[in-house]
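K.L.:
There's a structure below that I have some questions on.
The values are calculated or read from the model by the stated rules, or taken from the named source; none is laboratory data. A quick note: this is a predicted structure, and the numbers were derived from the prediction, not measured. Heads up, the Cβs are rebuilt from the backbone with ideal geometry, glycines too, and the neighbour counts pull from every protein chain shown. For the accessible areas, the whole protein counts, side chains as well, though only heavy atoms, and no ligand, DNA or RNA atoms are used. Shrake-Rupley method; radii C 1.70, N 1.55, O 1.52, S 1.80 Å.
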Amino acid sequence: MGAIGQVESCSADVRELLEGARQGAELSFEQGLRLATAGGAGLDALIVAADELRREAVGETVTYVVNRNINFTNVCFVGCSFCGFGRGPGATDAYSLSAEDVARKASEAWERGATEVCIQGGLPRDLDGFFYRDILRAVKRAIPAMHVHAFSPMEISYGVDKTGMPLSDYLRMMKDEGLGSIPGTAAEILDDRVRRELSPNKLPVARWVEIITTAHELGIPTTSTMMYGHVEDPADWVRHILLLRSIQKRTGGFTEFVPLGFIHEKTRLYKHGGARAGAARDEHLRVHALARLLLHGAIKNVQVSWVKLGFDVSLACLRAGANDFSGTLMEENISKAAGATHGEYVAPEQFRRLIRSIGRVPAERSTTYKIRRVFDSPEASESERSLATADHADVSSRLPLLQAETLSPHAEGAY
């Protein structure tokens, strides 16, 4: 059955909602929930409609960023039940990197063609309040042109608590020291009832929103995320996504939305019977497609997390409304600790092969979605090879940071 037939075969109310979205209507909570729970032909139609809106918003290009994840410590007191990464300070496998260690890893990434480092870690009780600032200083001293995408709202809040600085002053200091953008992680589900079940020590929704919106107001872009496949239900997805939409309408500071499928195997939440075993394939497709429809006209980019989904499901989601393949990562410890089995590094050439396998055009981007190079030839050309080995000296001039009001909606591996 063709795309038109799939849409026409679903129920009249779902068809009407999909047609409204295609015409630019902003879907309400009730309408979003109807789509989030549509089954059979309704789900097929949702996926088709999301793919059509993706094509309208961003065309046939699938982007990726060459980056490295650096998880600088696994010592953490927060105790999230969905996390298999955190350790107590006395654990035999506990580790902590110095600011200089992080800068060395960033330099290694730069030498391998990365334009971004994504830096996140656990929250040790004895953290110096200015350690995050010191990481920025060390990285930017070593590689001034590297884009530093770092520190979740939970880490920003912890830095504020430790230094005693007002939030806006703390964020302004971090921006001045080289913070280019912030991962919109620590979001999980933006509902305090669900958050208490997942992690009573995690920052509340209002604080997450305050940090994100303050960052946007200061010209610091952020990503946005949602963790699904655990204790939440479809109504929680819709409320979460609509909250992100409302923030974006006020600030314009989100670069992308990243649905993060719950990795369950090694987590306390799953082992103690408190969560389902992650999301099924249909749920992954549904969430990505739903996000495209609810965020249409607000957040342009929907990213797949290949670490959490694997390649087959990621490619399916790229045909269900998503348009970005995340980053090469080079290492990623948080998902791996929770039981992810999909690897730690993907070479850019492999991304391009995978993207071409679904008939789309690969393109390398910056963190803020400025296109660095479109690879529209099926084979690596001489210019493609030369880009991979090009001197990075002028990258800062080629990758200017967009202003918050012009951001087109990044990549990280944590929740």
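K.L.:
For the range 30-178, just the Cα atoms, rotate onto the principal axes and tell me the three extents in Å, largest first.
P.N.:
Largest first, the range 30-178 extends 54, 36, 36 Å along its Cα principal axes.
K.L.:
Here is the link list: K105/K175; K140/K370; K140/K300. Which ones come out longer than 24 Å on Cα distance?
P.N.:
Where the Cα-Cα span goes over 24 Å, the pairs concerned are K140/K300.
K.L.:
Would you mind getting me the FRET efficiency between L218 and S11? Use the beta-carbon distance for r and R0 = 60 Å, nearest 0.05.
P.N.:
Efficiency computed from Cβ-Cβ geometry: 0.85.
K.L.:
Using θ = phi - 60° and the Karplus curve 6.51 cos²θ - 1.76 cosθ + 1.60, what whole-Hz ³J(HN,Hα) does each residue of the range 105-113 get, with Gly and Pro shown as x?
P.N.:
Each residue of the range 105-113 in turn: 5, 5, 5, 4, 5, 4, 5, 9, x Hz.
K.L.:
Need one number: nm distance between label points at K249 and D176, each 7 Å from Cα along Cα→Cβ, rounded to one decimal.
P.N.:
3.6 nm
K.L.:
5 Å is the cut-off here: which amide hydrogens, built 1.01 Å from N in the peptide plane, fall below it relative to M226, excluding neighbours closer than 5 in sequence?
P.N.:
V258, L260
K.L.:
Let me ask something else. How charged is the neighbourhood of R22? Take every other residue with its Cβ under 9 Å from the Cβ of R22, and add Lys/Arg as +1 and Asp/Glu as -1.
P.N.:
Net of charged neighbours comes to -3.
K.L.:
Something else now. In the range 147-263, carbon and sulfur make up what percent of the accessible area (probe 1.4 Å)?
P.N.:
In the range 147-263, the share of accessible area belonging to carbon and sulfur is 48 percent.
K.L.:
Could I ask something else about it? Send over the semi-axes of the range 279-334's equivalent ellipsoid, whole angstrom and largest first, taken as the square roots of 5 times the C-alpha gyration tensor eigenvalues.
P.N.:
Square roots of five times the eigenvalues give 20, 14, 9 Å.
K.L.:
Shifting gears a bit: Residue-wise, which Karplus ³J(HN,Hα) couplings in Hz belong to the range 133-140, taking 6.51 cos²θ - 1.76 cosθ + 1.60, θ = phi - 60°, and x for glycine or proline?
P.N.:
Once θ is set to phi - 60°, the couplings for the range 133-140 become 4, 5, 4, 4, 4, 5, 5, 5 Hz.
K.L.:
With θ set to phi - 60°, apply the Karplus curve 6.51 cos²θ - 1.76 cosθ + 1.60 along the range 66-74 and write out the HN-Hα couplings as whole Hz, x wherever there is a Gly or Pro.
P.N.:
8, 9, 9, 7, 10, 8, 7, 7, 10
K.L.:
Now, a different point. Label points 7 Å out from Cα along the Cβ direction at Q23 and A347: separation in nm?
P.N.:
5.0 nm
K.L.:
Averaged per residue, what accessible area in Å² does the range 83-157 show with a 1.4 Å probe, protein chains only?
P.N.:
Accessible area per residue, the range 83-157: 40 Å².
K.L.:
How many nm separate the modelled label positions at I371 and E111, each set 7 Å beyond the Cα in the direction of the Cβ?
P.N.:
Result: 3.3 nm between the two label points.
K.L.:
Using the alpha carbon gyration tensor of the range 63-145, what are the three equivalent-ellipsoid semi-axes (square root of 5 times each eigenvalue), largest first, in whole Å?
P.N.:
One finds semi-axes of 25, 15, 10 Å for the range 63-145.
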